[in-house]
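Have a look at the structure below before the remarks.
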Amino acid sequence: MDGLRLRAATALAPLLLLVACSDTAGGDEPADEPASAPTPSASSESSSESPSEDATATPTEEPTEEPVEEEPPNPISVAALAEAELTGGDLRLGAVRERTAAFTSYDVTFASTTAGEGTAPLRISGVLNVPTGRAPGGRGWPAVVLAHGYIDPAYYVRGQGMTRERGYLAERGFVALHVDYRNHAESTDDPRIETAVRLGYSADVVAAARALADSRDVRVDPDRIALFGRSMGGGVMLKALAAEPGLFAAGTGWASVSSLEAENFAQFQRPDAPLAELRASYRGRHGLPADDPEFWRGVSSRPAFDQITEPVLLVHGRFDDTCPPQWARASQRALTAAGVDSTLEWYDDAHAFGPAFVAAMDRTVRFLRARMPT
């Protein structure tokens, strides 16, 4: 399903493919790395001499410290995304795609943050599954926003990439909103999406959560909305959690890309294009990872893990040759070191999660229900 490697040289930022999971939960969870917490600066003692009896008791004014102005973050960074006013709402239900005994599926659109100030919000398309009946407890349905993996936008169609997950969740009592992202399917095009290293995808899933919370057509409990990303969508998920702490109840990532964008670049873009071509593309404006490591850390989620307040479940296949298993280990250890309640589950499966899909989804549903009890 993913067109990642075929078009990686022209795809403009560290991202990737689709995903899936596994079969039997493994027990070789990595040991936590020691957190390298900054050493608190020792409080310095200040001493003052007592004035002599014949000294003139003229109080001396203490020098006032000039306020230090922090430099604003690079406008293309996770930090800038966190400072931006990420808007969302106006969920509109369109045609019915499917109706089963367990749920009804709709084509939908909603509003998301624009790339520039003073312009109209983007319209993002997607697919929404709503369980049949009434939400238990009278509080509205728990909901999950779905962030799909990389599929070439030129070939992508509405709702592609997480159809199985969307149906599985709706059958178990979750409203499930699959986000197409800007520049996909019927969504509005954002001309800055590639030069902005696709940070707009994270803005779109934030907007989706706000659209669900504000909807009058679908009753969703705003305190029980989770975010579920696969492959590239796992990276989208982590950046969204770091940018908007407290918005989601939990996050889960299957077969996720690396939380360091330089590693994604090396895996997906660098092998398929000569350096001269890469420098001539948008990447040349930022510098390649070796040229400007600070920029590439700034567009990565890992340095911002200490901003995440939600529990995170990572699910990965031991035989994933698209997103290497060591990426999942490193991300989970970094999450734990940053103080995030994080878990990594292993399955005997590859990137697309075939044999282990049901077992991994059952584990994911248990995680979501524990964080969003009915």
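Below are the figures for this structure:
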| quantity | calculated |
| --- | --- |
| Sole residue being loosely packed, with under 15 Cβ neighbours inside 10 Å and either more than 17 Å from S77 (Cα to Cα) or at pLDDT 95 or above (or both), chosen from A304, A280 | A280 |
| Residue match in region 151-161 (condition: touching a residue at least 24 places away in the same chain (Cβ under 8 Å), in contact with a Lys or Arg (Cβ under 7 Å, 6 or more places away or on another chain) and within 23 Å of E244 (Cα to Cα)) | no |
| Residues of region 335-349 classified as without any contact (Cβ under 8 Å) to a residue 40 or more places away in the chain and surrounded by 18 or more Cβ atoms within 10 Å (Cβ to Cβ), total | 3 |
| Qualifying position, being in a helix (DSSP H, G or I) and not aromatic (F, W, Y), among E186, E194, E165 | E165 |
| Looking only at region 201-236, and only at residues there that are in a strand (DSSP E or B) and basic (K, R), the one that is farthest from L335 (Cα to Cα) | R224 |
| Lone unmet requirement of (1) modelled with pLDDT of 95 or more; (2) surrounded by 12 or more Cβ atoms within 10 Å (Cβ to Cβ) for A95 | (2) |
| Looking only at region 131-168, and only at residues there that are among the aliphatic types (A, V, I, L, M) and out of contact with any helix residue (DSSP H, G or I) (no Cβ under 7 Å at 6 or more places or on another chain), the one that is surrounded by the most Cβ atoms within 10 Å (Cβ to Cβ) | M162 |
| Test set (1) part of a loop (DSSP other than H, G, I, E, B); (2) polar (S, T, N, Q); (3) surrounded by 22 or more Cβ atoms within 10 Å (Cβ to Cβ) - T114 fails condition number | (3) |
| So S187, is it modelled with pLDDT of 95 or more, of a type in the set (G, A, S) and over 13 Å from L146 (Cα atoms) | yes |
| Failed item, numbered, when V312 is tested on (1) surrounded by fewer than 17 Cβ atoms within 10 Å (Cβ to Cβ); (2) aliphatic (A, V, I, L, M); (3) touching a Gly at 6+ places or on another chain (Cβ under 6 Å) | (1) |
| Selection status of T104, at pLDDT 95 or above and either part of a strand (DSSP E or B) or surrounded by fewer than 20 Cβ atoms within 10 Å (Cβ to Cβ) (or both) | yes |
| Among (1) crowded, with 24+ Cβ neighbours inside 10 Å; (2) outside any helix (DSSP H, G or I); (3) on the phi < 0 side of the Ramachandran plot, the one test that Y181 misses | (3) |
| Selection from region 284-301 of residues that are crowded, with 23+ Cβ neighbours inside 10 Å and part of a loop (DSSP other than H, G, I, E, B) | V299, S300, S301 |
| Given (1) surrounded by fewer than 24 Cβ atoms within 10 Å (Cβ to Cβ); (2) touching a Phe, Trp or Tyr at 6+ places or on another chain (Cβ under 8 Å), index of the condition T252 fails | (1) |
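Yes or no, residue by residue, for (1) within 16 Å of G234 (Cβ to Cβ); (2) without any contact (Cβ under 8 Å) to a residue 40 or more places away in the chain:
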position: D291; (1), (2): no, yes
position: G317; (1), (2): yes, no
position: P325; (1), (2): yes, yes
position: R333; (1), (2): yes, no
position: H351; (1), (2): yes, no
position: M361; (1), (2): yes, no
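The values are calculated or read from the model by the stated rules, or taken from the named source; none is laboratory data. Keep in mind that this is a model prediction, so the values were computed, not measured. All Cβ positions, glycine included, derive from the backbone under ideal geometry; neighbour counts span all protein chains shown.
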